[in-house]
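Below: one structure, written as structure tokens.
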Amino acid sequence: MRFYKNVILLGLTFVTSLTFGQFKDNVDQVEMITEIQKWEKDSSKMTLSFWIPNSYWRIALAGNPIGTEKTIKTIEDIFEDYVIVCAADILIDGTAGITSTPDSILRNNIRVIDRKGKKYYALAEADLSSELALMLINIKPMFAKMFGQMGSGMYFYAFEVKDKKGNNLIDETKEGEFVVAHSNTIFKWRLPLVSLLENKICLEDNEEMKGNWKFCPFHGVELK
Ligand SMILES: [Zn+2]
């Protein structure tokens, strides 16, 4: 029995590595943030969608004194069943200065759209479990610090994006894509996140290539 189980596991690993390459042991936090945080800017407006996938916490809190295994696990368990997005819509007016779209408007406006085009709306505050509501409040200062003055206009939203069996449709480690839309702006992610993947190597010149690329764009050869 054990033998068969091992064979099956080996088979699964093989298929996974063929599709996505390898996952990194040490993910660069800055690289990951660059990929999960998207801004759209013009002269009068700055719009943010900062998707916070569950694997972010372990990476962000590595080496941080508050990042004990227990704390990380607690955060991961609470957020596991949700898609968490931090959003802001900041208006820059030469005379009025900086104003931001309030939570009440953003919450009704923001949506997640899966690859089939199905829309998911942010859970109302009253529908959040008490531990989820508390966790969203607790993480706010961490992110507000990252954005300084603009931090006050940022709000956190939780979505349930699941199939009929209750499986999450958005997984940063699996192939897929999704959109976050709010404030007349579209933000799109393709998955898996490249920052989680080991770089590949082009065997023609040993140059490092992105982990989600299948072929070298310069030589056309398949990447390993
Ligand atoms: Zn090449």
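The table that follows gives values for the structure above.
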{"item": "Selection status of ARG111, within 21 Å of the chain's Cα centre (by Cα), modelled with pLDDT of 95 or more and not aliphatic (A, V, I, L, M)", "result": "yes"}
{"item": "Residue match in the stretch 127-149 (condition: under 16 Å from the mean Cα position of the chain (by Cα), of a type in the set (A, V, I, L, M, F, W, C) and outside any helix (DSSP H, G or I))", "result": "no"}
{"item": "Within the stretch 176-224, tally of residues that are away from the ligand (no atom under 16 Å from the Cβ) and part of a strand (DSSP E or B)", "result": "15"}
{"item": "The stretch 7-50, subset of a type in the set (Phe, Trp, Tyr) and within 15 Å of LEU191 (Cβ to Cβ), residue modelled with the highest pLDDT", "result": "PHE23"}
{"item": "Filtered residues of the stretch 166-175 (kept if outside any strand (DSSP E or B) and either near the ligand (Cβ under 10 Å from one of its atoms) or not basic (Lys, Arg) (or both))", "result": "GLY166, ASN167, LEU169, ILE170, ASP171, GLU172, THR173, GLU175"}
{"item": "One residue from PHE215, PHE187, PHE178 being under 30 Å from ILE113 (Cβ atoms) and outside the structural domain of CYS86 (by TED's automatic domain parsing)", "result": "PHE215"}
{"item": "Complete set of residues in the stretch 110-128 that are more than 24 Å from GLU172 (Cα to Cα) and of a type outside the set (A, V, I, L, M)", "result": "GLU125, ASP127"}
{"item": "Neighbours by Cβ (under 8 Å, 6+ apart or cross-chain): first from the stretch 212-224, among the basic types (Lys, Arg); second assigned to a loop (DSSP other than H, G, I, E, B)", "result": "LYS214/LEU223; LYS224/LEU203"}
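The values are calculated or read from the model by the stated rules, or taken from the named source; none is laboratory data. Predicted model, so just to flag it, every value in this text is computed and none were measured. Please note: Cβ atoms are built from the backbone with ideal geometry, for glycine as well, and neighbour counts cover all protein chains shown.
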